[in-house]
There are 2 protein chains.
Amino acid sequence: MRKVLWFLTTSPMFAALMPMPSTVVPASGALRIDSSFAVQARGYSDARLERAMRRLVDRVSRQTGIGIRGGKTALWIECAARGPEYPALGENESYRMDVTEEGARISAATVTGALRGMETFAEWIELGSQGFEARAVHIEDAPRFPWRGLMLDVARHWMPVGVILRNLDAMAAVKLNVFHWHLSDDQAFRIESRRFPRLQQLGSDGHFYTQDEVRRVVEYARDRGVRVIPELDMPGHTTSWFVGYPELASAPGPYQIERNWGIFQPTMDPSRERTYAFLDELIGEMAALFPDPYFHVGGDEVNASEWTQSTAIQAWAARNGLKDAHAIQGYFNRRVAKILAKHGKTMIGWDEIFDARLDRETAIQSWRGQASLASASRAGYRGLLSFGYYLDHLEPASFHYGVDPLDGPARDLSAGERARILGGEACMWSEYVDSETIDSRVWPSAAAIAERLWSPAGVRDVDSMYDRLESVSRMLDQVGLEHRLNYEAMLERLAGERPADALRVLADASEALGIAGRRNARHYSSLVDLNRFVDAARPESETVRRMERAARRVLAGPDESASEMAELRATLSAWADNDARLAPKDELAGLSKNLSVLGSIGLRTLEYLRLGQAPPQAWTQQQLEAIGEMEKPQAEVRLAAFRPVRILLEGAAQHSTGGNK
Amino acid sequence: MRKVLWFLTTSPMFAALMPMPSTVVPASGALRIDSSFAVQARGYSDARLERAMRRLVDRVSRQTGIGIRGGKTALWIECAARGPEYPALGENESYRMDVTEEGARISAATVTGALRGMETFAEWIELGSQGFEARAVHIEDAPRFPWRGLMLDVARHWMPVGVILRNLDAMAAVKLNVFHWHLSDDQAFRIESRRFPRLQQLGSDGHFYTQDEVRRVVEYARDRGVRVIPELDMPGHTTSWFVGYPELASAPGPYQIERNWGIFQPTMDPSRERTYAFLDELIGEMAALFPDPYFHVGGDEVNASEWTQSTAIQAWAARNGLKDAHAIQGYFNRRVAKILAKHGKTMIGWDEIFDARLDRETAIQSWRGQASLASASRAGYRGLLSFGYYLDHLEPASFHYGVDPLDGPARDLSAGERARILGGEACMWSEYVDSETIDSRVWPSAAAIAERLWSPAGVRDVDSMYDRLESVSRMLDQVGLEHRLNYEAMLERLAGERPADALRVLADASEALGIAGRRNARHYSSLVDLNRFVDAARPESETVRRMERAARRVLAGPDESASEMAELRATLSAWADNDARLAPKDELAGLSKNLSVLGSIGLRTLEYLRLGQAPPQAWTQQQLEAIGEMEKPQAEVRLAAFRPVRILLEGAAQHSTGGNK
């Protein structure tokens, strides 16, 4: 009996399941989780699986606060075979999970499938009335797309290895399976080369990953069923390479590490053989560190001005019939693809590398959108979507959730063409994040993208997604992320002598702007500290989202919404009183005042609702205008609090239209 | 010019200084802290000092969020000489610190003094209007007592080595200098013995420190100027030893690890030479691991029943003229003291070991009080106070702060006798804490005890202490403690599907009971998980303390207390609405209802105050009675929220006595 219970996804039963499995069939009863909890394999097992089972026990202990001493196998892992030793594109990741009152069983064809199932098991544990338990259920699950990635830019801001490891844990928790490591850019070259040591020595301010650390990351990821794809961006975005090796560049140099953000002129010289000889040696060295067959060469945003300004390059291009910069880049890519092939690697790059003369195995990662992706697919190339998954834009999770690799222009593709669309990757560029803030910009939003890429296409209910996202966000905290921890720490640091909880009330009601809102707000560079209010504030406010929902429910039927009414009143009161408590004299002065005004408007509106009166139209109009002003960002932050207050106001006005004046 | 500015201790200027230095002379101007910040030694330096300077830079970076790249020495460390290689009792810990707009200087006679000064420097950094800064100041500082300790019981609940390390960091931050490691008890033997491996193998459930870990802890502590004193409690509290070595016991056994709390019968056999031969070998092995000259032998709470029930022991006692259990323990201690001396160690033990026939070097740690301490001192022994510093009682910090080793009976001692009182130790027994909750029961209270033991006796202002304690609590979070982190995590785990922030409102208004309130509340043992609300709740509520202060200020002059009024109204509103949001059906139902009632009473009272009316006497009386009921603990938790509400009510009633009725 196969039963897909979409309609249940809005029930609290599924509180923490993300991504949502393909099939969930609840049964009655529950398995108690107590200190005797133990996990055991039957069938195939190996060291990777054993480590994962130990991690699961630790995690259950952390989730529940139960001192697990083991002794009674509550969960059996039935794994048929090892599967690929290193996680492979398209490997079997499916699993089944059965929970009864007597025990639980995860069955999978491969170790990777078992890993995925164990993440589901951990998420499935909840606090019941008798203590922690896993409710009886039958789950069948497999991913929709085989490539579900997260890209982290470690060049623009340095991310110590601990950041990478904790993000790998988080990725595994939401079943993402590709870590795309953007290792070089104009601002830094972040991986140790022993053949060309000046790359990291002069190109990284001393912040780079040693080869031992790289091996550790690769092994850590493998343990969690995650592939690691390195990216060395070329031929543009390469200023940092030229500090130590100016002979690679199209202009004479000298070069310095780039401190600013943007697209810069330094570009590799495609006309000299020594460039390719260098890349051959470097890629050979790097290829040995990364077991995955794919190697990312970037290829985006090439500024051709050094090429056009060089008479030597122009003459070479003319000799070779390369009529423009695009043709030159095409030539460069074909040479690099050959080098990659020599070292057993397949090329992947951004849209710009797309060129009908590349090998068909080449994969295109699209930051431009589904149309670009569809063209590549029609031309026979594999593709990944990243357009719509740019986390540095700080869009709401619902925005990313609504983007599907197979939507729009991809709908017209044939089945074969669609099969070449392998999945997608969430991307975090690091102009406006550092090691302290990156987690809070990647997570929990990336979990919504993970669901889009793993779960059946029909899983689209935004309210359900947000409900589960809140639980997932807490779960990710237990897994080791610092997105919530650092929020608190940064606010307290900023509070100084002011009451930290009042600053938190303001931050909880605010949303940080993404790259578009910050780029021109002041002069940013890699030397500017990211420790202001905007850096602490989250991209999306959980508080405000809950308020919006509560406001809608109160408007729908005030009699059955006592707890929502209480929540609205409590939060609006806190807002109304907050400016008197916080009284900021700095860039937050305006935001703080506005929040208190919003609180007062909201309370007043609630009072009208309670009395069953519509507010006077003129008053409503005046408040709506005031709110309109408050929507405008200040200090690179948007006061999200205006949203529920507007809902209340507009609702109250409609509630008894034509009423008292 | 020497100027002791006590009166300034209530000013926000000293926000985070704890313990308060002996002399603080503020000057004008401030040293900016920016990315060029660097620390450099001039004069004596060594690896220990260099490591401390690197830690300081890391900490400043964490405190400020500034990406420190160095380049300009802002802080010079002038250290005259190394001082003792291993931290020594009575070593020179003094330092001076001078900060001007141009730079800062710490001068000290020893490396340990420099370490103390660097902690003060980190605390002194604050957020000014222009960014982070250290205000110009001249500080002279030295400790009042040479022995300022923290004891952690790692036997009753296992504390992994990470718990110890982070607590050492916290100790160093508040200038505590002795870590007393309670390594064995009835419930476990927690240190690896290679000569007698069954001690840890059969006596610890596999949770013990390897000798490598012990060396690491000792070295980590040395780096921070902290001595490590091991305690092997004997001849009572030794059940865990007898599981592997029953021949040491006074009764035939067999023995099992004790799972319950209390005082138990198993006791070492003092009548056989093989007991002393065993201890000689074991202490010899242990002595080599701990460089400190003191070795703690416990000696507390010996239950003599096995001695009195054994005809062999009784006969032996009679032959040796040992007329009672106290005499037998005295004999045992003298033998152990001899063994210790043979291995270069001096004995320290609890009150019970006090016996005029022990060597004068022996130190007595008093859990019984200043009278016991004074007697020991008069008899020529050294002493430490722990009475009043038992953190597992979960008393308010002000209680511990008010206890002084030289108060009460100690006041009548001669100067020489007083000098033998070396200081004190905060103690955390672990019946009701585990590795997740221990930090929140030790800290920040232990910082108040640290101030009592370091700062001049005249530093006693409780309000100032609490103001600074809040800052210190946050600072300790940055140093690596998990007292605040785990509070959030535990509440979220407990919240399940309920709104976590509503559960937090309840927890913020609650205070956990200590050992006296829990002992008989249910059957506790080492097998009972400590993951309930009472375990998450703090010993003392910051929120309530602030509310109490705000209430007093509002009553004192309502016109100048707008921010206090706002704070009261915001928090009381949150309380009033909270039960509708949380609606707990479990053991928290009563607490939650009461909190909302308190919120409503408080809001009503505020309204009377705002109108300048006294509430009707009958109403006031009724509310005070209701509040009286709410003071009673439920679910092992006290609803601290009643305190500010009572202040408001009583104040409002007095405010215009005889007013409107």
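The values are calculated or read from the model by the stated rules, or taken from the named source; none is laboratory data. From a predicted model like this one, the values you see are computed outputs, not experimental measurements. For neighbour counting, all protein chains shown are included, and Cβ atoms are generated from backbone atoms with ideal geometry for every residue, glycine included. In case anyone asks, the SASA skips ligands and DNA or RNA and just uses the protein heavy atoms, side chains included. Shrake-Rupley method; radii C 1.70, N 1.55, O 1.52, S 1.80 Å.
Residue-level check: of (1) more than 14 Å from chain B (Cβ to nearest Cβ); (2) in contact with a Leu (Cβ under 6 Å, 6 or more places away or on another chain); (3) open to solvent by 30 Å² or more (accessible area, probe 1.4 Å); (4) of a type outside the set (Lys, Arg), A:Leu591 misses just (3).
Within region A:523-548, the set of residues being more than 12 Å from chain B (Cβ to nearest Cβ) and either open to solvent by 40 Å² or more (accessible area, probe 1.4 Å) or modelled with pLDDT under 95 (or both) comprises A:His523, A:Arg538, A:Glu540. Within region B:310-323, residues that are touching a residue at least 24 places away in the same chain (Cβ under 8 Å) reach partners that are of a type in the set (Asp, Glu) with beta carbons closer than 9 Å, at six or more positions or on different chains, in the pairs B:Ser310/B:Asp269; B:Ala312/B:Asp269; B:Ile313/B:Asp269; B:Ile313/B:Glu306; B:Ala317/B:Asp324. As for region A:463-475, it holds at least one residue that is over 30 Å from A:Val645 (Cβ atoms) and within 14 Å of another protein chain (Cβ to nearest Cβ). Residues that are open to solvent by less than 30 Å² (accessible area, probe 1.4 Å), touching a strand residue (DSSP E or B) at 6+ places or on another chain (Cβ under 6 Å) and not small (Gly, Ala, Ser) occur at least once in region B:499-513.
One residue stands out in region B:474-489 among those that are open to solvent by less than 20 Å² (accessible area, probe 1.4 Å) and touching a residue at least 60 places away in the same chain (Cβ under 8 Å): the one that is farthest from A:Ala500 (Cα to Cα), namely B:Leu481.
Does B:Glu352 qualify as being touching a residue at least 40 places away in the same chain (Cβ under 8 Å), over 24 Å from B:Leu183 (Cβ atoms) and not hydrophobic (A, V, I, L, M, F, W, C)? So B:Glu352 does not fit the description; no. All told, A:Ser563 falls short of being out of contact with any strand residue (DSSP E or B) (no Cβ under 6 Å at 6 or more places or on another chain), more than 9 Å from every other protein chain (Cβ to nearest Cβ), of a type in the set (Ser, Thr, Tyr) and open to solvent by 30 Å² or more (accessible area, probe 1.4 Å).
Looking for something among the acidic types (Asp, Glu) and assigned to a helix (DSSP H, G or I) - is there at least one such residue anywhere in region B:234-252? Scanning region B:234-252 turns up at least one residue that is among the acidic types (Asp, Glu) and assigned to a helix (DSSP H, G or I). I need the strands (runs of 3 or more DSSP E) fully contained in region A:26-105, keeping only those with at least 1 residues that are loosely packed, with under 14 Cβ neighbours inside 10 Å. Output list reads A:37-43, A:72-79.
Within region A:355-364, the residues that satisfy the criterion of being free of Cβ contacts under 8 Å to residues at least 40 places away in the same chain and in contact with a strand residue (DSSP E or B) (Cβ under 6 Å, 6 or more places away or on another chain) are A:Glu361, A:Thr362, A:Ile364. Within region B:108-120, identify whether any single residue is surrounded by fewer than 17 Cβ atoms within 10 Å (Cβ to Cβ) and either away from chain A (no Cβ under 14 Å) or in contact (Cβ under 8 Å) with a residue 24 or more places away in the chain (or both), and answer yes or no. No, that holds for no residue.
The set of residues in region B:256-296 that are open to solvent by 30 Å² or more (accessible area, probe 1.4 Å) and among the aromatic types (Phe, Trp, Tyr) comprises B:Trp261, B:Phe264.
Within region B:600-646, which residues are within 30 Å of B:Asp535 (Cβ to Cβ) and among the small types (Gly, Ala, Ser)? Residues satisfying the conditions are B:Ser600, B:Gly602, B:Ala626, B:Gly628, B:Ala635, B:Ala640, B:Ala641.
Taken together, the criteria place B:Asp467 among residues that are open to solvent by 10 Å² or more (accessible area, probe 1.4 Å), part of a helix (DSSP H, G or I) and on the phi < 0 side of the Ramachandran plot. Quick one: is B:Ala556 open to solvent by 20 Å² or more (accessible area, probe 1.4 Å), within 9 Å of another protein chain (Cβ to nearest Cβ), over 23 Å from B:Glu636 (Cα atoms) and free of Cβ contacts under 8 Å to residues at least 40 places away in the same chain? Against the criterion (open to solvent by 20 Å² or more (accessible area, probe 1.4 Å), within 9 Å of another protein chain (Cβ to nearest Cβ), over 23 Å from B:Glu636 (Cα atoms) and free of Cβ contacts under 8 Å to residues at least 40 places away in the same chain), B:Ala556 does not qualify. The condition of being over 31 Å from the mean Cα position of the chain (by Cα) and either over 20 Å from A:Gly299 (Cα atoms) or of a type in the set (S, T, N, Q) (or both) holds for only one of A:Thr239, A:Thr275, that being A:Thr275. None of A:Met171, A:Met159 is within 14 Å of another protein chain (Cβ to nearest Cβ) and open to solvent by less than 10 Å² (accessible area, probe 1.4 Å) except A:Met159.
Of all residues in region A:490-519, those that are within 14 Å of another protein chain (Cβ to nearest Cβ) and closer than 18 Å to A:Asp579 by Cα have Cβ atoms under 6 Å from Cβ atoms of residues that are charged (D, E, K, R) and surrounded by 18 or more Cβ atoms within 10 Å (Cβ to Cβ), 6 or more apart or on another chain, in A:Leu491/A:Arg504; A:Glu492/B:Arg474; A:Pro499/A:Arg581; A:Ala500/A:Glu492; A:Ala502/A:Arg581. Residues A:Arg222, A:Arg194, A:Arg227: which one is of a type in the set (D, E, K, R) and open to solvent by less than 20 Å² (accessible area, probe 1.4 Å)? One residue alone meets the criteria, A:Arg227. Out of A:Leu595, A:Leu611, one residue alone is in contact (Cβ under 8 Å) with a residue 40 or more places away in the chain and of a type outside the set (S, T, N, Q). It is A:Leu595. For region B:582-598, the criterion of being touching a Pro at 6+ places or on another chain (Cβ under 7 Å) and of a type outside the set (A, V, I, L, M) is met by at least one residue.
Please indicate, with yes or no, whether at least one residue in region B:401-420 is among the polar types (S, T, N, Q) and in a loop (DSSP other than H, G, I, E, B). Yes; the residues of region B:401-420 include at least one that is among the polar types (S, T, N, Q) and in a loop (DSSP other than H, G, I, E, B). Could you list, in sequence order, the residues of region A:566-577 that are within 7 Å of another protein chain (Cβ to nearest Cβ) and touching a residue at least 40 places away in the same chain (Cβ under 8 Å)? Once the filter is applied, which keeps residues that are within 7 Å of another protein chain (Cβ to nearest Cβ) and touching a residue at least 40 places away in the same chain (Cβ under 8 Å), region A:566-577 yields only A:Ala574.
Results for (1) open to solvent by less than 10 Å² (accessible area, probe 1.4 Å); (2) assigned to a loop (DSSP other than H, G, I, E, B), shown as yes or no for each residue.
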| site | (1), (2) |
| --- | --- |
| A:Ala341 | no, no |
| A:Ile348 | yes, no |
| A:Glu352 | no, no |
| A:Ile364 | yes, no |
| A:Arg368 | no, yes |
| A:Ser372 | no, no |
| A:Gly380 | no, yes |
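Going by the structure shown, is A:Glu650 over 26 Å from B:Ala566 (Cβ atoms), surrounded by fewer than 17 Cβ atoms within 10 Å (Cβ to Cβ) and charged (D, E, K, R)? Here the answer is yes, as A:Glu650 does meet what is asked. The residues in region A:121-151 that are farther than 29 Å from A:His400 by Cβ and away from chain B (no Cβ under 14 Å) can be counted, and the count is 2.
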